[in-house]
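Shown next, in structure tokens, is the structure this report addresses.
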Amino acid sequence: MLPLWIALQFLSSLPIRLPGMPEPEQLGRSLLFYPLVGLLFGLLLWALNLVLAGAPLLLHAALLLTVWVVLGGAMHLDGLADSADAWLGGFGDRERTLLIMKDPRSGPIAVVTLVLVLLLKFAALLALIEQGHAVVLIIVPVLGRAALLGLFLTTPYVRAGGLGQALADHLPRKTGWQVLGASALGCLLIAGVHAVVALVISLAVFVWLRRVMMRRLGGTTGDTAGALLELLEMGVMVGLALV
């Protein structure tokens with residue numbers, strides 16, 4: 001169960017304490033549990049949605065989004081902000097892009113990107129609540145975190161050393177593909193036709209963003225992985241709200 005606790009500690013703000021420094025093999029196996037962490041997030045959001053039934057819709061959506069961000073510790077939003085700054089300020093240069101991503105400061109492009117992504121998520125949440133499609137709250141976090149597993153299965157990690165390299169080097173790849181398949185099947189069982197639409201959008205966003213990463217960096221970093229998760233979740237929610 002240690003890989004699950006590692007995944008929970010890394011992906012959430014839940015008060016998880018590990019008994020010590022995990023072995024690299026355990027870090028790699030923790031990636032297999034990312035979709036399960038997403039399922040936990042989704043179930044918590046779905047339950048909160050039930051609790052908030054009857055609340056003013058704007059407040060309802062705002063509270064859901066706030067809890068969503070807090071559950072993840074805003075870690076992936078930080079990666080999105082760093083990636084946005086780096087993509088504009090890097091001027092197409094790989095090394096400059098990587099250097100800017102390591103800068104802890106956020107420029108105006110990062111701020112604008114975060115505002116737009118959160119605004120679109122909020123508006124999509126509001127629409128999905130009005131449409132009575134709250135079940136998608138369960139599958140969207142699963143797809144976002146499954147995308148991280150898919151990214152590490154298919155894309156080189158370009159920063160030598162550190163946690164990301166350990167994840168990439170010790171990920172059990174055959175089992176990883178099986179987990180991705182099980183995640184897709186689980187989403188279909190939970191949300192039916194909505195899951196079909198969500199899977200198509202997820203795949204399209206994943207392929208596009210991975211291509212962008214490969215062209216600029218030749219692979220992925222922790223920041224671009226976070227950006228992938230946030231943009232994929234946003235794209236799926238907006239797409240589902242529109243259909």
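Evaluate the following for LEU64: is it surrounded by fewer than 16 Cβ atoms within 10 Å (Cβ to Cβ) and either in contact with a Pro (Cβ under 9 Å, 6 or more places away or on another chain) or not in a loop (DSSP other than H, G, I, E, B) (or both)?
When the stated conditions are applied, LEU64 does not pass them.
I'd like to verify a number: residues in segment 40-58 that are open to solvent by less than 40 Å² (accessible area, probe 1.4 Å) and either among the polar types (S, T, N, Q) or in a loop (DSSP other than H, G, I, E, B) (or both), how many?
Total meeting the criteria: 3.
Hey, any hits in segment 178-191 for a residue that's at pLDDT 95 or above, out of contact with any Leu (no Cβ under 7 Å at 6 or more places or on another chain), over 30 Å from LEU64 (Cβ atoms) and not charged (D, E, K, R)?
Among the residues of segment 178-191, at least one is at pLDDT 95 or above, out of contact with any Leu (no Cβ under 7 Å at 6 or more places or on another chain), over 30 Å from LEU64 (Cβ atoms) and not charged (D, E, K, R), which makes the answer yes.
Here's a check for you: in segment 214-224, which residue that is in contact (Cβ under 8 Å) with a residue 12 or more places away in the chain and open to solvent by 10 Å² or more (accessible area, probe 1.4 Å) is nearest to LEU125 (Cα to Cα)?
The extreme case among them is ASP223.
Would you point out which residue out of GLY239, GLY144 is open to solvent by less than 10 Å² (accessible area, probe 1.4 Å) and closer than 29 Å to HIS60 by Cα?
One residue alone meets the criteria, GLY144.
Being out of contact with any Asp or Glu (no Cβ under 8 Å at 6 or more places or on another chain) and open to solvent by less than 10 Å² (accessible area, probe 1.4 Å) is the filter here; which residues of segment 109-136 pass it?
If the condition is that a residue be out of contact with any Asp or Glu (no Cβ under 8 Å at 6 or more places or on another chain) and open to solvent by less than 10 Å² (accessible area, probe 1.4 Å), then ALA124, LEU125, LEU128, VAL136 are the ones that fit.
Please enumerate the residues belonging to segment 73-93 that are surrounded by 21 or more Cβ atoms within 10 Å (Cβ to Cβ), within 22 Å of LEU39 (Cβ to Cβ) and among the small types (Gly, Ala, Ser).
GLY79, the sole residue that qualifies.
Which residue out of PRO22, PRO3 is outside any helix (DSSP H, G or I), of a type outside the set (A, V, I, L, M, F, W, C) and either crowded, with 17+ Cβ neighbours inside 10 Å or at pLDDT 95 or above (or both)?
PRO22
Take the conditions out of contact with any Gly (no Cβ under 8 Å at 6 or more places or on another chain), open to solvent by 50 Å² or more (accessible area, probe 1.4 Å) and β-branched (Val, Ile, Thr) and apply them to VAL196. Does it pass?
For VAL196, the condition - out of contact with any Gly (no Cβ under 8 Å at 6 or more places or on another chain), open to solvent by 50 Å² or more (accessible area, probe 1.4 Å) and β-branched (Val, Ile, Thr) - is met.
For the condition of a type outside the set (S, T, N, Q), free of Cβ contacts under 8 Å to residues at least 12 places away in the same chain and more than 26 Å from PHE10 (Cβ to Cβ), what is the one hit in GLY107, GLY89, GLY132?
Matching residue, one of GLY107, GLY89, GLY132: GLY132.
Determine whether VAL37 is open to solvent by less than 20 Å² (accessible area, probe 1.4 Å) and modelled with pLDDT of 95 or more.
Yes, satisfied.
The values are calculated or read from the model by the stated rules, or taken from the named source; none is laboratory data. Note that the structure is predicted; figures quoted are calculated from it, not measured. So basically every Cβ, Gly included, is an ideal-geometry build from the backbone, and we count neighbours across all protein chains shown. Note: areas computed on protein heavy atoms with side chains; ligands, DNA, RNA excluded. Shrake-Rupley method; radii C 1.70, N 1.55, O 1.52, S 1.80 Å.
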